[in-house]
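The values are calculated or read from the model by the stated rules, or taken from the named source; none is laboratory data. Only a predicted model underlies this, so the values are computations on that prediction, with no experimental measurement involved. Glycine also receives a Cβ, built like all others from the backbone with ideal geometry; neighbour counts cover every protein chain displayed.
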Amino acid sequence: MKDGETTLWRRLDLPGHEIASILPEVDGWRLIGVALLVESGRSSRIEYDIWCDAQWKARRCVIRGQVGEQRVSLDVQRSTSGVWSIGGAEMTALNGCDDIDLGFSPATHLSADRYLYESAGGTSRRELQVDAFGCVIDYPGLWHAEATSSLHFP
């Protein structure tokens, strides 16, 4: 039996919520979620699906939604040899990357215990608190989990 989890987060610095589920797949994991946010004063709805192998290496990420009046859509894939493509066009700048980090989402920061997140060339550091499954429950100043539910599959 493989387990999964659903988490609902509240954004702390701006209006917003996100809900995501981690689901077991035959050969890995699937992360599905939706974020309802305010981006630059515009209401936004972003849905995403991320498929990972059994070692949590990203294989594909599909994003769709709307930011204000603008529709957004993106399809990012990683081949078994590690070559990334966006919309079918090879992106050599992404070679060597193993995961997807959606900057608007706490869901893509999975870890076994604690996670030190660095951005902006190391100028911004945050220690993320995670639950037993590895989902972020506290992302200081940005996100806080309001509820989590374990999922059990035969």
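Criterion first (farther than 20 Å from Glu5 by Cβ, surrounded by fewer than 16 Cβ atoms within 10 Å (Cβ to Cβ) and at pLDDT 90 or above) does Ser124 satisfy it?
When the stated conditions are applied, Ser124 does not pass them.
Kindly list, by first and then second residue, each pair from a residue in the range 45-65 that is at positive phi to a residue that is aromatic (Phe, Trp, Tyr) and buried (at least 17 other Cβ atoms within 10 Å of the Cβ), limited to pairs with Cβ atoms under 8 Å and residues at least 6 apart or on different chains.
Hits for this filter: Trp56/Trp29.
Consider Arg42 carefully, then state whether it is among the basic types (Lys, Arg), surrounded by 14 or more Cβ atoms within 10 Å (Cβ to Cβ) and in contact (Cβ under 8 Å) with a residue 12 or more places away in the chain. It would help to see each step written out before you state the result.
Working: among the basic types (Lys, Arg): yes; surrounded by 14 or more Cβ atoms within 10 Å (Cβ to Cβ): no; in contact (Cβ under 8 Å) with a residue 12 or more places away in the chain: yes.
So Arg42 does not fit the description; no.
Starting from residues that are surrounded by fewer than 16 Cβ atoms within 10 Å (Cβ to Cβ) and assigned to a strand (DSSP E or B), keep the ones in the range 90-116 and report whichever is modelled with the lowest pLDDT.
Arg114
What number of residues in the range 62-84 are modelled with pLDDT of 95 or more and among the hydroxyl-bearing types (Ser, Thr, Tyr)?
Counting residues in the range 62-84 that are modelled with pLDDT of 95 or more and among the hydroxyl-bearing types (Ser, Thr, Tyr) gives 1.
Kindly indicate the residue of the range 52-89 that is under 15 Å from the mean Cα position of the chain (by Cα) and in a loop (DSSP other than H, G, I, E, B) and also farthest from Trp29 (Cα to Cα) among those meeting that condition.
The qualifying residue farthest from Trp29 (Cα to Cα) is Lys57.
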